[in-house]
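Presented below is the structure to which this report refers.
The values are calculated or read from the model by the stated rules, or taken from the named source; none is laboratory data. If you're wondering where the values come from, they're calculated on a predicted model, not measured in any experiment. Cβ: placed from backbone, ideal geometry, glycine included. Neighbour counts: every protein chain shown. The protein model used for the area step is the full one, side chains on, heavy atoms only, and it has no ligands, DNA or RNA in it. Shrake-Rupley method; radii C 1.70, N 1.55, O 1.52, S 1.80 Å.
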Amino acid sequence: MSSSLYNLWMTAAIDQAKKSWDEGGIPIGSVLVSPKAEAIGNIGGSIVARGHNERVQTGDPTAHAEMVAVRNAGRRRDWKDLVLVSTLSPCSMCAGTAILYKIPVVVIGENRTFQGAEDWMARNGIELHVLTDTRAIALMERLQKERAELWAEDIGE
């Protein structure tokens, strides 16, 4: 897979992050992609599920963007063929879900504002790609500046 595909998928995740921010939530977004769809003529693969952080909106502390995307994907047997794309480095809960379902590739928008469980995912055979996406960084920096208390709550401080 190419970095241009990763950037295309990241744009979809960024759109989800913006949706969460517009709803008063935490600006983190995620998509699950089936890159195999590219082989049947769908350039760039096929997004099978989208999610954005809904912790604030629903009051559910487990409603991280990655978890919402997995939930929206429903029952599947092709987890091992999917790519998880997240605007922010996945936390232990979200990394554990990727490990549990044997998602082989995780594309991360940025890990400067928060370093998640990347080492754990790598030790479990997940291929990681960190894009250092300026849009993802800007969203998280804005959250930290404008709603520092919400950021602290999200990371458990």
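Things to note:
- Spacing of the two label points (7 Å from each Cα toward its C-beta) at residue 77 and residue 122, in nm: 3.5
- Helical contribution to [θ] at 222 nm, DSSP H n ≥ 4, -39,500 (n - 2.57), averaged over the chain, rounded to 500: -12500 deg cm²/dmol
- Accessible-area value, residue 82, 1.4 Å probe, nucleic acids and ligands omitted, Å²: 0
- Cα pair count fraction exceeding 20 Å, expressed as % - region 65-157: 36
- Prolate/oblate/rounded call for the chain, Cα gyration tensor, a/c under 1.5 rounded: prolate
- Rounded to the nearest 20 debye, the dipole magnitude of region 22-140 is 380 debye, with +1 charges on Lys and Arg beta carbons, -1 on Asp and Glu beta carbons, and the Cα centre as origin.
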